[in-house]
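K.L.:
My structure is below; once you've seen it, I'll send some questions.
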Amino acid sequence: MSGLTEITRAAQTAHPHTLRPEHERRLARTQEVLRGRGLDALVVTDPANLYYLTGYNAWSFYMPQALLVPAQGEAHLVLRAMDAKGGHHTATLPRDRIHGYPEHYVHRHDIHPWEWIASTGREVGVLPSGAGTIAMELDAHFFSPRAYLAFGATLPQAEVVDSQELVNWLRVVKSDTEVALLRAAGEVTVRAMTAAIDALRAGRRQCDVVAQIQQAQAHGTEALGGDYPAIVPLLPSGETAGTPHLTWVEEPLRQGEATTIELAGVHRRYHVPLARTVSLGPPPPRLARTAEATGLGLEAALRAVHPGATAADVHAAFTAELTRHGLRKDSRIGYSIGIGYPPDWGERTVSLRAEDDTALEPGMCFHLILGMWMDGWGYETSESVLVTKAGPELLAPLDQGLVIHA
């Protein structure tokens, strides 16, 4: 109980506006990297990166918005006019550095908000008025080709280059404050997955099961509220359990079939995903064997999670154990996590796979996901793992292995 109290206390002290010094440090570090790369400015569009650098948090990412970060000087946040007030409430930037583009720029074929964003950045001195090199998040989910063209046409003398996930990579190692928020999110995850497992019974509609999961995700705990997840609960069942990333339907769950559940608990945008598989009735031998082998692979992978090991080392440990049982998994077995917004909770940086030689450091956090998707059936289990000096810490400790409901 004292552990839960400690987690709650640490998370509650991380109120958005108490994070101003941390946001300032993150912005300063971003600018240091810009100068080191010889860049004049960075245009940030990923909502997770906006949140990481400023605390801005709203469901506004479907519209053009950006944080304009100069290599030297002060950053400015540009949003749709009606969202600028939300910036005043959530972002730790002063109000005079939050700008709202006029409503008449929205959904027009002849003008575009990114023209206004580029012009404003030039006027406030954040973006170069002439020649210069501007890095942009060209692979961000909500940055469109038309946005890129409108921005470039407004600043024709500037060279626009890919940021190569500059801010995402700065997010990989978490601060103590972020670790506290992840641990709090893990408490929500345990509640949500427990609700999911308890709700999975033969004859129940899949949509009704998900309704209970979503209630648990939003409720969180008595002390810490839950937040909306970047990905809705995934619930492949029966034959579709051999396919990842399926959601739910209104069909009832059937006795004798298995369901894979993947969900995340979220607290203040920090995500802790978790996956489990539930068999309604005795599992067929192939499922039981795969679950056992995958569990041994998970143990091997966790033993490889420690500072100084590489992402490839973790992958190799899992693969070696799986091979001993005559199984193989071609996809990566994990990825870096932290802040998340739809449509994904991954950071798009480190992957646990054979080709990734990134060295693990304390403060890194991974979703170690072991999906064995077969032909017409499947098994999935996962853990959210924090790298510590002492080794791996499971952020959502819950019974592992195949869950069997009689």
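The values are calculated or read from the model by the stated rules, or taken from the named source; none is laboratory data. From a predicted model like this one, the values you see are computed outputs, not experimental measurements. Counting neighbours? That spans all protein chains shown, and the Cβs are built from the backbone with ideal geometry, glycine included. We work out accessible area using only protein heavy atoms, side chains counted, and drop any ligands, DNA or RNA first. Shrake-Rupley method; radii C 1.70, N 1.55, O 1.52, S 1.80 Å.
K.L.:
Find the centroid of the Cα atoms in region 327-354 and in region 204-239, then give the distance between the two in whole Å.
P.N.:
Region 327-354 and region 204-239 have Cα centres separated by 21 Å.
K.L.:
Expressed as a fraction of 2.2 N^0.38 Å, the rule-of-thumb size for a compact globular protein of N residues, what is the C-alpha radius of gyration of region 296-406?
P.N.:
Values: Rg = 13.9 Å, N = 111, 2.2 N^0.38 = 13.2 Å.
For region 296-406, the normalised Cα radius of gyration comes out at 1.06.
K.L.:
On to the next question. Test of understanding: express the Cα radius of gyration of region 41-89 as a ratio to 2.2 N^0.38 Å, with N the residue count.
P.N.:
1.06
K.L.:
Also: Could you work out the longest stretch of the chain that avoids the trypsin sites (Lys or Arg not before Pro) located in DSSP loops with at most 16 other Cβ atoms within 10 Å? Could the numbers behind the result be given before it?
P.N.:
Values: sites that count: 37, 108, 201, 204, 254, 328, 332, 389.
The answer is 109-200.
K.L.:
Right, here's the next one. Based on DSSP H assignment, which helices of the chain show an axial Cα extent of at least 18 Å together with a mean Kyte-Doolittle hydropathy greater than or equal to -0.5?
P.N.:
Working: long enough: 20-36 (24 Å, -1.69); 176-199 (35 Å, 0.57); 206-219 (20 Å, -0.24); 285-303 (27 Å, -0.01); 311-324 (21 Å, 0.26).
Span-like helices in the chain: 176-199, 206-219, 285-303, 311-324.
K.L.:
Which residues' amide hydrogens lie under 5 Å from the amide hydrogen of residue 100, considering only partners 5 or more residues apart or on another chain, with H built in the peptide plane?
P.N.:
So residue 100 has HN proximity to 79.
K.L.:
Just 271, 23, 89 to compare: in a GNM of the chain, with alpha carbon springs under 10 Å, which one fluctuates most?
P.N.:
89
K.L.:
Convert each backbone phi in region 382-389 into a coupling constant with the Karplus relation 6.51 cos²θ - 1.76 cosθ + 1.60 (shift: θ = phi - 60°), then list the ³J(HN,Hα) values in order as whole Hz, x for Gly and Pro.
P.N.:
7, 9, 9, 10, 9, 7, 10, 4
K.L.:
Out of residues 5 or more away from residue 349 or on other chains, whose amide H comes under 5 Å of its own, with H placed 1.01 Å from N in the peptide plane?
P.N.:
336
K.L.:
Continuing with the same structure: I'd like the carbon and sulfur percentage of the solvent accessible area for the chain, probe radius 1.4 Å, heavy atoms only, ligands and nucleic acids excluded. Write down the numbers at each step before the final one.
P.N.:
Working: 8840 of 17080 Å².
Ligands and nucleic acids excluded, carbon and sulfur reach 52 percent.
K.L.:
Roughly speaking, what is the stretch gain from residue 208 to residue 81, that is 0.36 nm per residue apart minus the C-alpha to C-alpha distance, in nm to one decimal?
P.N.:
41.9 nm
K.L.:
Which residues in region 330-372 place their backbone N less than 19 Å from a point set 7 Å from the Cα of residue 296 along the Cα-to-Cβ direction?
P.N.:
What the label zone holds, given the 19 Å backbone N cut-off, is 330, 370-372.
K.L.:
Here is a further query. Per residue, how big is the convex hull around the C-alpha atoms of region 365-406? Give it to me in cubic angstrom, could you? Spell out each step's value before the answer.
P.N.:
On the way: hull volume 3.2 nm³, N = 42.
Here the figure is 76 Å³ per residue.
K.L.:
Please list, ordered by chain and number, the residues whose modelled amide H lies under 5 Å from the amide H of residue 358; skip anything fewer than 5 residues away on the same chain.
P.N.:
311, 312
K.L.:
A follow-up question, please. Of all chymotrypsin sites (Phe, Trp or Tyr not before Pro) in region 28-82, which ones are in loop regions per DSSP and have a Cβ with at most 13 other Cβ atoms within 10 Å?
P.N.:
Values: sites: 51, 52, 56, 59, 61, 62; in loops: 56, 59, 61, 62.
Answer by residue number: 59, 62.
K.L.:
Going Cα to Cα from residue 85, which lysines come in below 30 Å? Please leave out same-chain ones fewer than 8 positions away.
P.N.:
Within the straight-line limit of under 30 Å, residue 85 reaches these lysines: 174.
K.L.:
Could I ask something else about it? Kindly provide the pair-distance distribution of the chain built from C-alpha pairs, with 20 Å bins from 0 and whole-percent values in order of increasing distance.
P.N.:
26, 52, 21, 1
K.L.:
A follow-up question, please. Determine the equivalent ellipsoid of region 69-122 by diagonalising the alpha-carbon gyration tensor, then write out the semi-axes as square roots of 5 times the eigenvalues, largest first, rounded to whole Å. Write out the running numbers ahead of the final one.
P.N.:
Values: eigenvalues 87, 46, 8 Å².
With the √(5λ) rule applied to region 69-122, the semi-axes are 21, 15, 6 Å.
K.L.:
I'd like the accessible area for residue 228, computed on protein heavy atoms only with a 1.4 Å probe and all protein chains in place. Round to 10 Å², please.
P.N.:
70
K.L.:
Roll a 1.4 Å probe over the protein chains and send me the accessible area per residue for region 163-271 in Å².
P.N.:
On the way: 4190 Å² over 109 residues.
Value for region 163-271: 38 Å² per residue.
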